[in-house]
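No value in this document is a laboratory result; all are computed from the given coordinates. No experiment lies behind these values; they were computed from the predicted model shown. Backbone-built Cβ (ideal geometry, glycine too); neighbour counts: all protein chains shown.
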Amino acid sequence: MKCIMDHIVLNVGDIESMVAFYSQVLMLETERLEEYLKGIVPFPSVRLNPETVIDLFPKNLWTNGSPEGHGRNNLNHFCISMSKQTWDELKARLNSNNIEIEDGPVHRWGAHGTGISIYFKDPEGNTIESRYYEHKDGKEKCLLDS
């Protein structure tokens, strides 16, 4: 299966210090920071390279009503991007192996705009997001061919 890393999501306790670290120390470009500060989008991101972003999830996106610090892992999930055909084949393999799709298909924002995603867990409980992108005209945008 061919795929590329789309994004990694970090659960963050202090968005301001994390944005400062990634943008000023690591010199990564911020994405959607202005929109986040205005309350338009639920989280900001930093760009690792043209294909990959690191999303910074504020506490309200990862606590889900749990007690302070209970069960917090820094990695929320990671996302792999692939062609629609490979995505469809993966969905079929998940189904044939009785692996539950926990969310999706849903439209979600990522390193290349909005794509169509499913979420499932690996045997250790790590959440994996798998997605493909479409052009605005509804046709597939295959990042592996570029």
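Observations on the structure shown:
- Test: residue in segment 44-56 that is within 13 Å of the chain's Cα centre (by Cα) and acidic (Asp, Glu): yes
- Pair list, Cβ under 7 Å, 6 or more apart: segment 10-23 residue closer than 13 Å to Val46 by Cβ, other residue assigned to a helix (DSSP H, G or I): Val12/Met18; Val19/Leu33
Listed here are the residues, each with its yes/no results for (1) basic (Lys, Arg); (2) over 21 Å from Phe78 (Cα atoms).
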site	(1), (2)
Leu33	no, no
Ile40	no, yes
Arg47	yes, no
Val53	no, no
Lys59	yes, no
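- Taking the listed residues Ser23, Ser83, the one that is in contact with a helix residue (DSSP H, G or I) (Cβ under 7 Å, 6 or more places away or on another chain), polar (S, T, N, Q) and surrounded by 13 or more Cβ atoms within 10 Å (Cβ to Cβ) is Ser83, with no other qualifying.
- From the list Tyr36, Tyr119, the one residue that fits, being assigned to a strand (DSSP E or B) and among the aromatic types (Phe, Trp, Tyr), is Tyr119.
- The residues of segment 91-120 that are within 12 Å of Tyr132 (Cβ to Cβ), surrounded by 18 or more Cβ atoms within 10 Å (Cβ to Cβ) and among the aliphatic types (A, V, I, L, M) amount to a single one, Ile118.
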